[in-house]
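Novice: First the structure, then my questions, so here it is.
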Amino acid sequence: MKLFRLASSSCTQGVCRNASKNFFTTSQTPSSSEITQTNKQALSPTFPTKNEPNSSLYRRISPVGDQDISIVPVLDQWVSEGREVSQRSLNYIIDSLKKYKRFKHALEISEWMTNKRYIPPMKDDIKNRLQLIYKVHGLAKAEEFYDNISHLFKGYDIDTALLYIYSAERSIEKAESVMQRLRSSGRSMTALPYNIMLNLYHNVGNRAKMDALTEEMAKNGIYRDQHSFIPQLNACAAISDIEGLNGTMAEMEADPRVRMDSKMYIFAAKAFLKVGLVEKGLKLMKDAEMAITDKDRDKSLNALHKMYADLGKKDDVYRIWKWLSEKKIYNSGYRRMISSLLRFGDIEGAERVFEEWETKGLSYDFVVSDELIEVYVKKGDLGKAEVLLKLGIEKGGNPTFRTWYCLAIGYLEDGRVAEGVEALKNATFSCRFLPFQEPIKDKLTVILEYVERRRDVEEVAGFMKSVEAEGIFSSTVCGRLLDFITSKTSES
């Protein structure tokens, strides 16, 4: 079958200007990536008409999932149609985008509010902006933004947000400096900054400082909430402190102020499973099921679904899937179920779930079909893999790096070297690859350079040996690629 070559999109960093001069000093920070004119035309969001029934600003923003596409034109068009925007509604959209890790788009709205609508930011808006700048642009830009915040807004809440950033960076000295500033602020301390520091000390393995903070909380009458116990559970599990785990669990359940919801039971179950106490872990997972509410249903069920799969509990995986199926399931849920069933070797079950997914009218995402494509390739059933590729493209899906990489291996293993090389080209052109796949993609680029430029055979052979040693390709695949490149060299 003919393979489809993907267009490459070039991504260059642009510049955006920061918030309103009335509240922050103007500074320059990198903005969402600029797209080439050709790709702008291909990727620009489509807009509903003004008279579209039940239209809302969020419904216009939500489909623009690619964060390389700016949503500012969507916001501008909304206003140009004479529609109102409120600070409350925009903050709701920001919060929704954050839940889906669309931090660039959330930051664009935050900046648009002050830069174009001149909506005066409240303290919570500034705190959110600080966190979003860190997520999108990193620590240096977040610190620059913090330094430019008016002293009228700085204080406990903003400093707590900065403390969280330093904790995420594992910057102990800076975090401790901010924590001391909070202690000296004169404001009554809550558990939140202590919990942030407890997580930081756990992440760097400093159990002594965790214990010291816990004692400080008790001395100052700051009760520990559920988030105070999570790093303690993790710390006990990390050193297989079973006595500590049991003691922490007993303390949590005995304290009526600690809310034992499904999330807490799941955290506890993971800790006990980590030290090999499977029966205790399973009991806590059942407790988590009993504690599920409508608010935490989807997140808790998805976590339990994965945990049962990791434990090899196929019946429970199907049971939780049935529970999940009582409401709408999105692409990520179908991918997880298919992946879980394939881990059990249940290919027929995975195919049934895939067929169900196809009937739901969801956007075609190759991340779902990649699970089956990889299995088909490993089993040598290239025909089925090619059918899924063709079907997905026909339905508007864009093959991922993984799609083409798996097919390339299949073709090369099957001796279809020319098709394998073409699939390798498509893999390197794909923008949809995960960070851990980048080194592999770089290796494929070098291989393709050898194919195109017909380099010295000994140099090629040495490079192919390194590719085999790193497990990127099998010896069979490396041998066939080397033969293909050698034959091209001799022809030139």
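Novice: Could you tell me whether any residue of segment 362-381 is closer than 22 Å to residue 472 by Cβ and assigned to a loop (DSSP other than H, G, I, E, B)?
Specialist: Yes, the conditions are met somewhere in segment 362-381.
Novice: Collect the residues in segment 356-393 that are within 15 Å of residue 329 (Cβ to Cβ), among the polar types (S, T, N, Q) and under 22 Å from the mean Cα position of the chain (by Cα), keeping them in residue-number order.
Specialist: 363 - this is the single residue of segment 356-393 that is within 15 Å of residue 329 (Cβ to Cβ), among the polar types (S, T, N, Q) and under 22 Å from the mean Cα position of the chain (by Cα).
Novice: Among the residues of segment 225-258, write down those that are of a type in the set (D, E, K, R) and in contact with a Cys (Cβ under 9 Å, 6 or more places away or on another chain). Walk me through it before giving the result.
Specialist: Our first condition is that a residue be of a type in the set (D, E, K, R); within segment 225-258, this holds for 225, 241, 243, 251, 253, 255, 257.
243 - this is the single residue of segment 225-258 that is of a type in the set (D, E, K, R) and in contact with a Cys (Cβ under 9 Å, 6 or more places away or on another chain).
Novice: Six or more apart or on different chains, Cβ atoms under 6 Å: show the pairs whose first residue is in segment 389-416 and under 16 Å from residue 371 (Cβ atoms) and whose second is among the hydroxyl-bearing types (Ser, Thr, Tyr) and at pLDDT 90 or above.
Specialist: Qualifying pairs under 6 Å: 392/364; 392/369; 397/364.
Novice: Right, another one. What pairs can you find where one residue is in segment 146-170 and touching a residue at least 60 places away in the same chain (Cβ under 8 Å), the other is in a helix (DSSP H, G or I) and open to solvent by 30 Å² or more (accessible area, probe 1.4 Å), and their Cβ atoms are less than 8 Å apart, with a gap of 6+ or different chains?
Specialist: Close Cβ pairs satisfying both conditions: 153/123.
Novice: Please go through segment 369-405 and give me each residue that is more than 18 Å from residue 356 (Cα to Cα), open to solvent by less than 20 Å² (accessible area, probe 1.4 Å) and polar (S, T, N, Q), ordered by number.
Specialist: 400, 403 - these are the residues of segment 369-405 that are more than 18 Å from residue 356 (Cα to Cα), open to solvent by less than 20 Å² (accessible area, probe 1.4 Å) and polar (S, T, N, Q).
Novice: Further question on the same structure: Answer with yes or no whether residue 160 is more than 18 Å from residue 197 (Cβ to Cβ), open to solvent by less than 60 Å² (accessible area, probe 1.4 Å) and β-branched (Val, Ile, Thr). Even if it seems obvious, please write down each step before you answer.
Specialist: Values: more than 18 Å from residue 197 (Cβ to Cβ): no; open to solvent by less than 60 Å² (accessible area, probe 1.4 Å): yes; β-branched (Val, Ile, Thr): yes.
Judged against the criteria, residue 160 is not a match.
Novice: List every residue pair whose Cβ atoms sit under 8 Å apart, with the two residues 6 or more apart in sequence or on different chains, where the first one lies in segment 462-488 and is outside any helix (DSSP H, G or I) and the second, anywhere, is at pLDDT 85 or above.
Specialist: Every condition considered, the pairs that remain are 473/409; 473/412; 474/409; 474/413.
Novice: For segment 171-204, name all the residues that are open to solvent by 40 Å² or more (accessible area, probe 1.4 Å), closer than 19 Å to residue 239 by Cα and either free of Cβ contacts under 8 Å to residues at least 12 places away in the same chain or in contact with a Ser or Thr (Cβ under 7 Å, 6 or more places away or on another chain) (or both).
Specialist: The answer is 199, and nothing else.
Novice: Between a first residue in segment 316-330 that is in contact (Cβ under 8 Å) with a residue 24 or more places away in the chain and a second residue that is open to solvent by 20 Å² or more (accessible area, probe 1.4 Å) and assigned to a helix (DSSP H, G or I), which pairs have beta carbons less than 6 Å apart while being 6 or more apart in sequence or on different chains?
Specialist: Correct list of pairs: empty, since none qualify.
Novice: Looking at segment 245-261 only, could you name the residues that are within 17 Å of residue 280 (Cβ to Cβ), surrounded by fewer than 16 Cβ atoms within 10 Å (Cβ to Cβ) and in contact (Cβ under 8 Å) with a residue 12 or more places away in the chain? Spell out how you get there, then give the answer.
Specialist: Taking segment 245-261 as the starting set, the residues that turn out to be within 17 Å of residue 280 (Cβ to Cβ) are 245-253, 260.
Restricting the remaining residues to those that are surrounded by fewer than 16 Cβ atoms within 10 Å (Cβ to Cβ) gives 246-247, 250-251, 253.
If the condition is that a residue be within 17 Å of residue 280 (Cβ to Cβ), surrounded by fewer than 16 Cβ atoms within 10 Å (Cβ to Cβ) and in contact (Cβ under 8 Å) with a residue 12 or more places away in the chain, then 251 is the only one that fits.
Yes or no, residue by residue, for (1) touching a Leu at 6+ places or on another chain (Cβ under 6 Å); (2) at pLDDT below 85; (3) closer than 20 Å to residue 381 by Cα; (4) among the hydrophobic types (A, V, I, L, M, F, W, C):
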site	(1), (2), (3), (4)
409	no, no, yes, yes
416	no, no, yes, no
441	no, yes, no, no
456	no, yes, no, no
468	no, yes, no, no
476	no, no, yes, no
481	no, yes, no, yes
485	no, yes, no, yes
490	no, yes, no, no
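Novice: Hey, among 290, 264, which residue is free of Cβ contacts under 8 Å to residues at least 60 places away in the same chain, part of a helix (DSSP H, G or I) and surrounded by fewer than 17 Cβ atoms within 10 Å (Cβ to Cβ)?
Specialist: On the way: 264 fails: surrounded by fewer than 17 Cβ atoms within 10 Å (Cβ to Cβ).
Going through 290, 264 in turn, just one is free of Cβ contacts under 8 Å to residues at least 60 places away in the same chain, part of a helix (DSSP H, G or I) and surrounded by fewer than 17 Cβ atoms within 10 Å (Cβ to Cβ): 290.
Novice: Something else: Looking at (1) part of a helix (DSSP H, G or I); (2) at pLDDT 95 or above, which one does residue 253 not meet, given that it meets all the others?
Specialist: Failing condition for residue 253: (2).
The values are calculated or read from the model by the stated rules, or taken from the named source; none is laboratory data. This structure is a prediction, so every number in the text was calculated from the model and none was measured. Reconstructed Cβ throughout: ideal geometry from the backbone, glycine too, with neighbour counts over all protein chains shown. Side chains included, ligands, DNA and RNA excluded: accessible areas come from the protein's heavy atoms. Shrake-Rupley method; radii C 1.70, N 1.55, O 1.52, S 1.80 Å.
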